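Below: one structure, written as structure tokens.
The values are calculated or read from the model by the stated rules, or taken from the named source; none is laboratory data. All values reported here derive from a predicted model rather than from experimental measurement. Here the Cβ is made from the backbone with ideal geometry for all residues, glycine too, and neighbour counts use every protein chain on show. Heads up: the accessible areas ignore ligands, DNA and RNA and are worked out on the full protein's heavy atoms, side chains in. Shrake-Rupley method; radii C 1.70, N 1.55, O 1.52, S 1.80 Å.
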Amino acid sequence: EAGISQREQRLQQLYQKEGRKTQFSSKQERDKWIKKEVKEIESVLKKKEASLAALEKTHAQASKTQAEQEAQIAAQGAEQEERESEQEGILKELKRLRKEKGELQEARKMLWKTESKLEKEVTAVRSNMQKKERQVDSSVARDIQNGLKSLQRIVKQHNIAGVHGPVIELFECKDTYNTAVEATAGNVLFHVVVDSDEVATRIISYLNRENGGRLSFIPLNRIQAPRVTYPTQYGKDVIPLLKVVKHQPVYQRAMAHVFGRTLLCRTIDLASEVALSANLNCVTLDGDQASHKGSLTGGYYEERHSKLENMKQLKEIRAKHEDLVAQSAQLKGEISSADQNVSRILGEIQKHEAKYNRVKSQLQSLAHDLKTARAQVATGKKQAASREASVEELRQGVAQLQDQHKSLGDELGTELVSQLSAEEQEEIRALNAHLKSAHKDLMALQTKRTEVETTVMNLKMHIEENLLKQKASLEAKLKGIGNVKVSEESAEEKEAELERVLETLGRVSEQESQAEKEMELCQAKLRDLEAVIERSKSVEASAKDHEEAQELDKLTSRKQHLLHRRHDLENKIRDLGSLPSDAFLGGGEKSKKSLLQMSGKVQKQLKGMSHVNKKALDQYMEYTEQRDEYSRRFDEQEREEAKIKELVAALDVRKDELLARTYRGVAKAFSETFVSLVGEAGHGELIMIRDAKPGGGYAGVSCRVSFGGEETKRMEQLSGGQKSLVALCLILSIQRIDRAPFYLFDEVDAALDPNYRAAVANVLAARANEGAQFITTTFHPEQVLISDQCYGVTFKNKVSTVDLIDRDEAMKFVTQKV
């Protein structure tokens, strides 16, 4: 197109040159016109050259700015890649932390499970320990039980040192010797060993002061070990009982005091012989005792009631309980440590999540900046293309003007001819031919250009309608890729947790199968033990002596006979009913025979009185007692009723007096306050209304008032403003009698005349000076003039505001409102 334009311009110049002859009449006229045209062309050319230079400068600056923007885009792209890499690292660290958190939580769950199991064991052992303690306590008297319980509390509460505990807790012996040791010691097993008699005295004082039971003490500083020479001629058949008792050396004197003068013998016969010969007490393994004084004591001992066995089991249970409590405390420490680790991991996870969110926000900001910068660069490129087209257009215009200037300059001074030279005519023919060919080519190119522009437009529409929307969607997905990765990490975490749960389930299944096997083994052992017990019982039953069995049968038979006899006698006694008091006197010195004779006579007399109600006396005594009780209670209630009525009457009198006194005070204050509000011409009084019934009390209060010489009116005859004034007068009258901390009045002067508003304001000011506080709302200036503080309440934009304002501003406000 530029070439065609140049050739068309040249052709036009040649045609204009050819027509100069017809245009101008002389050479001078033509040269004058040419000079004028050249001058105009130079002026236009100068302007276009200046515009071209300015446009080229602007284009160069825009190109530089665009290059800087592209460099900034490249830097931001690198920073975006760096942030994405950092985000990947954070995600990996989060994955590791979440995995570690799952492992720690799983370990904590196992610790919780172990703790729960251990707590159950502790509870069961504690229950067994309490049960065993009750068994041990049941073997001693109640006051000794209370004393032992109080001992622990007193020692701990008063921090008493030197208390070692009961004897039964201070030694051990084999189960074979339990019966012998118990038979020898008796209740001494529960005597408390202390360092000195001072400690014992101090504890006894606390026990007596608190009524904490009874205890016996063995002070180590007071007792002395008995000097005993044990016989040796009997060998192993006779041994000192002190040797079978294992204890610490510090308790040697206490144990010698309890067991030092007792020998353990194989049989009761040997025990009797040794007791008399050695002058010592003897005991057998079965608990039969032979005193050095010659008496024998014995009988059957129930092994399951053995104090020593119960104490031994109690010690074992206590040791197990202490061990379990220690394990529980250690486990609690491990759980606390696990909690701290989980909290630490959670804190680190929160830090990394915050860091991840921060990096994600930075990535989003970078993506937005990159999008904006790229859009600016694209716009700049479009503008640069437009500027380049403008520059090219200006250059073509400048070139055309230069050609025109050159052509006119060449024509200046030449002869004015009617036709062109042969060279110029040949140039015209060549230009026409070239232009024809160029126009043809231009038409083809324009057609092709139109097709290309149509294609470009379709592509643009496709880009704008489809591709750009897809790009936005993909960018949104890219923005959420962090969340997707987080979701993937969460899924992986859940899978890992599922694997841990499955592993735990497998371990639990293995433990369950192992427990079932152990239970089967225990059941088999239990069956074996039961069989052994049955065999032992049968062996023990068969080994009993036949004489003992016969003696037992005799004793059982005699016991049954005596129980039957006792039952018969109890029935006969019940049949006798109540007996006179002299029936129990006289006969204490009579023999059994004489008593039986007397009983026979009495039985004959009773047979003759079989028709008499034997329980009549009992019933009469019972009913008499009930009658006396009811009479006493009736008299008591009558006395209480009289006292209550007397109290009610006194209270009624006091109530009436107080009400009358209060009424007189309020009525006087009402009259005075009414005069101060209305003026000297006004008059007001309160009227007490009594009940119309005879003896009736007060029914209410009314008033009669007169305003400025008018006739006296009741409340229902007054106007609205007068009623407001009377009500306010009553409130102020009550305030004179029963003062309140403050009074809140809401537009009490709204219905009052100006003179009454002023009077009310003056009364309020006077009362405020006496110590009362009044908070009022008003739209009139009278109360504003006497106020100490003014607050303005405004309502703006649906919000109420309370502000402290001065009196002038308040007066201005209420004046405007009025």
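Structure data summary
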| quantity | calculated |
| --- | --- |
| Lone qualifier among 399, 354, 378 - being aliphatic (A, V, I, L, M) and open to solvent by 50 Å² or more (accessible area, probe 1.4 Å) | 354 |
| Evaluation of residue 628 against (1) open to solvent by 90 Å² or more (accessible area, probe 1.4 Å); (2) modelled with pLDDT of 90 or more (one fails), failing number | (1) |
| Conditions (1) basic (Lys, Arg); (2) under 30 Å from residue 97 (Cα atoms); (3) open to solvent by 100 Å² or more (accessible area, probe 1.4 Å); (4) at pLDDT 70 or above: number failed by residue 507 | (3) |
| Selected residue (only one of 72, 87 is modelled with pLDDT of 85 or more, part of a helix (DSSP H, G or I) and in contact with a Gly (Cβ under 8 Å, 6 or more places away or on another chain)) | 87 |
| Long-range neighbours under 9 Å by Cβ, at least six apart or interchain, first residue in contact (Cβ under 8 Å) with a residue 12 or more places away in the chain and open to solvent by less than 80 Å² (accessible area, probe 1.4 Å) within the range 70-83, second part of a helix (DSSP H, G or I) and basic (Lys, Arg) | 73/374; 83/360 |
| Selected residue [open to solvent by 70 Å² or more (accessible area, probe 1.4 Å), farther than 30 Å from residue 368 by Cα and at pLDDT below 65] from 492, 451, 499 | 492 |
| Subset of the range 202-228 (residues that are exposed (fewer than 11 other Cβ atoms within 10 Å of the Cβ) and in contact (Cβ under 8 Å) with a residue 12 or more places away in the chain) | 224 |
| Of all residues making up the range 169-194, the number that are more than 19 Å from residue 297 (Cα to Cα) and among the aromatic types (Phe, Trp, Tyr) | 2 |
| Residue count, the range 778-803 (criterion: closer than 18 Å to residue 744 by Cα and under 46 Å from the mean Cα position of the chain (by Cα)) | 4 |
| Pair list, Cβ under 6 Å, 6 or more apart: the range 36-57 residue in a helix (DSSP H, G or I), other residue open to solvent by 70 Å² or more (accessible area, probe 1.4 Å) | none |
| Qualifying residue in the range 146-158 (condition: small (Gly, Ala, Ser), touching a strand residue (DSSP E or B) at 6+ places or on another chain (Cβ under 9 Å), surrounded by 14 or more Cβ atoms within 10 Å (Cβ to Cβ) and in a helix (DSSP H, G or I)) | yes |
| Residue that is farthest from the chain's Cα centre (by Cα), among those in the range 276-301 that are open to solvent by less than 70 Å² (accessible area, probe 1.4 Å) and either more than 28 Å from residue 229 (Cα to Cα) or modelled with pLDDT under 85 (or both) | 294 |
| Hits in the range 39-69 - residues which are surrounded by fewer than 13 Cβ atoms within 10 Å (Cβ to Cβ) and over 30 Å from residue 400 (Cα atoms) | 64, 67, 68 |
| Residues of the range 406-428 satisfying the condition of being at pLDDT 75 or above and either of a type in the set (Lys, Arg) or open to solvent by 60 Å² or more (accessible area, probe 1.4 Å) (or both) | 406, 426 |
| Residue satisfying all of: in the range 795-818; open to solvent by 80 Å² or more (accessible area, probe 1.4 Å) and hydrophobic (A, V, I, L, M, F, W, C); modelled with the lowest pLDDT among these | 818 |
| Residues of the range 632-646 satisfying the condition of being aliphatic (A, V, I, L, M) and either touching a Phe, Trp or Tyr at 6+ places or on another chain (Cβ under 8 Å) or open to solvent by 100 Å² or more (accessible area, probe 1.4 Å) (or both) | 644 |
| Test: residue 134 is free of Cβ contacts under 8 Å to residues at least 12 places away in the same chain, in a helix (DSSP H, G or I), closer than 23 Å to residue 169 by Cα and open to solvent by 40 Å² or more (accessible area, probe 1.4 Å) | yes |
| Output for the range 612-650, where each listed residue is touching a residue at least 24 places away in the same chain (Cβ under 8 Å) and assigned to a loop (DSSP other than H, G, I, E, B) | 614, 615 |
| Scope the range 259-296; condition in contact with a Leu (Cβ under 8 Å, 6 or more places away or on another chain) and of a type in the set (Val, Ile, Thr); matching residues | 262, 268, 274, 283, 284 |
